[in-house]
Amino acid sequence: MTKHRTTRRGFLKTTIATGGALAAAGTARAAGDPAITEVQPWAQYLGDGVDARPYGTPSEYEAHVVRRNVPWLTADPVSSVNFTPLHELDGIITPNGLCFERHHAGIAELDPAAYRLMINGLVDRELVFTLDDLMRFPRENHVYFLECAANTGMEWRGAQLNGCQFTHGMIHNVMYTGIKLGHILAEAGVKTEGKWLLAEGADASAMTRSIPMEKALDDCLVAFKMNGEALRPEQGYPVRLVVPGWEGNMWVKWLRRLEIGDQPWHHREETSKYTDLLADGKARRFTWEMDAKSVITNPSPQAPIGHGPGPTVLTGVAWSGRGTIPRVDVSLDGGANWQAARMDGPSLPKSMHRFYYEFDWDGSPLLLQSRAHDSTGYVQPTKDALRAVRGENSIYHNNGIQTWAINEEGVAENVEVS
Ligand SMILES: Nc1nc2c(c(=O)[nH]1)N[C@H]1C(S)=C(S)[C@@H](COP(=O)(O)O)O[C@H]1N2
Ligand SMILES: [Mo]
């Protein structure tokens, strides 16, 4: 495992032009460019008609905008993960076809006509719902991020993967349409000793997680639409559990069963996995909430600065499982100096937020960092501060500040500063 480390020395004197809104001056080209004065090929024939593309797909020139996996992490693709190309996206919504996938037993292909959701355990009435039955409950729409707790997990011992798609791409941010879990639980009637809920998937892994009743009744959804259309098979078609702000593993896909109990079940995903082994050999358990985190998506290793000195747009995303992100700071010099980024777009709780920082790049090397503040006042820590508390055994919940080193050519590399 290579460990890239660099120091802040030498960056302290870098002159940093003021951020904030810059006019787009200095970016245009001279008049007379044949690409605009000549009639182009696409204007010389008729294009496809409205019958050619019943379900639209991206331009052929966007073929590089895809989910990717890391071969050495993927012993077998049916029990692995791929990553959202964050550096190709803007705004806050992840398009359905680009949402990262994590499955333990491949993509289950459920027939919606045969779909059933069962509720059993400590309830007054054990029930089974069809999809049509679920559609008769009142619906809600919410935008939430889903982050796998293992996101950035390969970076605990040092900078490793060269691209925000790989370091931070186990996240997507989607508008869900669904039913409050509370409505369904009320229909079954949870007994007073029913304090925990076990959610079980219908895929071959029959993945399960224990969820405290308080959370189940607070904001969990039984969702069937993402960004307006049916869930994709990859994301749990026809029904998945939405557990806002909490680790992705709890968002059971292909949801088939909800069992009510008086204590947690201590199944695999909450004992040997999704627990955080500390330096002293003890493990943190039930670390459900996702801490505030951010990453600069452009520039980044897969998206270098493609122009010389002058007006430069830096952008990225930030999120917190505890609320909104009122502020993100950006540093161009490895954390010596910080400036407030410009937040843009909707600011929704437990959703991704978009930030921008426009600056005049002087062509000298940069050490780019972003630092999120969430609505509880929590500030994203440095990787070293995080390691001081959690050690280096962990896989999960690495929300440390990411650094990209930019050289004179605008090429970006994953590094750590000390
Ligand atoms: N039934 C089932 N649900 C599941 C999983 C699974 O393998 N089977 N993987 C979990 C994990 S570990 C994560 S991080 C999220 C990933 O959701 P996504 O594939 O929509 O990105 O789903 C969770 N729900
Ligand atoms: Mo996960």
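Can you say whether Ile36 is assigned by TED's automatic domain parsing to the domain that holds Arg256, away from ligand 1 (no atom under 13 Å from the Cβ) and outside any loop (DSSP other than H, G, I, E, B), as far as the supplied structure shows?
No: the conditions fail for Ile36.
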Legend entry - Of all residues in the range 123-158 being within 14 Å of Thr177 (Cα to Cα) and among the basic types (Lys, Arg), the one that is nearest to ligand 2 (Cβ to nearest atom): Arg139
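Name the strands (runs of 3 or more DSSP E) wholly within the range 159-255 that hold at least 2 residues that are among the hydrophobic types (A, V, I, L, M, F, W, C), modelled with pLDDT of 95 or more and away from ligand 2 (no atom under 16 Å from the Cβ)? Lay out the reasoning, then the answer.
Working: elements: 171-180, 196-201, 208-212, 221-226, 240-242.
Strands (runs of 3 or more DSSP E) meeting the threshold: 171-180, 196-201, 221-226.
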Legend entry - Residues of the range 348-401 classified as in a loop (DSSP other than H, G, I, E, B), within 20 Å of the chain's Cα centre (by Cα) and charged (D, E, K, R), total: 2
Inset, instruction - Confirm whether Gly106 is more than 17 Å from Gln235 (Cα to Cα) and either within 16 Å of ligand 2 (Cβ to nearest atom) or of a type outside the set (A, V, I, L, M, F, W, C) (or both). - result: no
Inset, instruction - Given the conditions (1) near ligand 1 (Cβ under 9 Å from one of its atoms); (2) at negative phi; (3) surrounded by fewer than 20 Cβ atoms within 10 Å (Cβ to Cβ), report the number of the one that Lys215 does not fulfil. - result: (1)
Inset, instruction - Could you tell me whether Ala114 is away from ligand 1 (no atom under 15 Å from the Cβ) and without any contact (Cβ under 8 Å) to a residue 40 or more places away in the chain? - result: yes
Inset, instruction - Pull up the range 70-116, narrow it to residues that are crowded, with 18+ Cβ neighbours inside 10 Å and of a type in the set (Ser, Thr, Tyr), then point me to the one that is farthest from Asn298 (Cα to Cα). - result: Tyr115
Legend entry - Scope the range 127-158; condition of a type in the set (D, E, K, R), over 21 Å from Asp384 (Cβ atoms) and not in a strand (DSSP E or B); matching residues: Asp132, Asp133, Arg136, Arg139
Inset, instruction - Kindly list the number of the only condition in (1) within 16 Å of ligand 2 (Cβ to nearest atom); (2) over 25 Å from Val389 (Cα atoms); (3) part of a loop (DSSP other than H, G, I, E, B) that fails for Gln263. - result: (1)
Inset, instruction - Looking at (1) touching a strand residue (DSSP E or B) at 6+ places or on another chain (Cβ under 7 Å); (2) β-branched (Val, Ile, Thr); (3) surrounded by 22 or more Cβ atoms within 10 Å (Cβ to Cβ), find the lone condition where Thr152 falls short. - result: (1)
Inset, instruction - Filter the range 144-168 for residues that are within 15 Å of ligand 1 (Cβ to nearest atom) and over 21 Å from Asn393 (Cα atoms) and give the result. - result: Tyr144, Phe145, Leu146, Gln165
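The values are calculated or read from the model by the stated rules, or taken from the named source; none is laboratory data. All values derive from a computational prediction rather than experimental measurement. Virtual Cβ from ideal backbone geometry, glycine too; neighbours counted across all protein chains shown.
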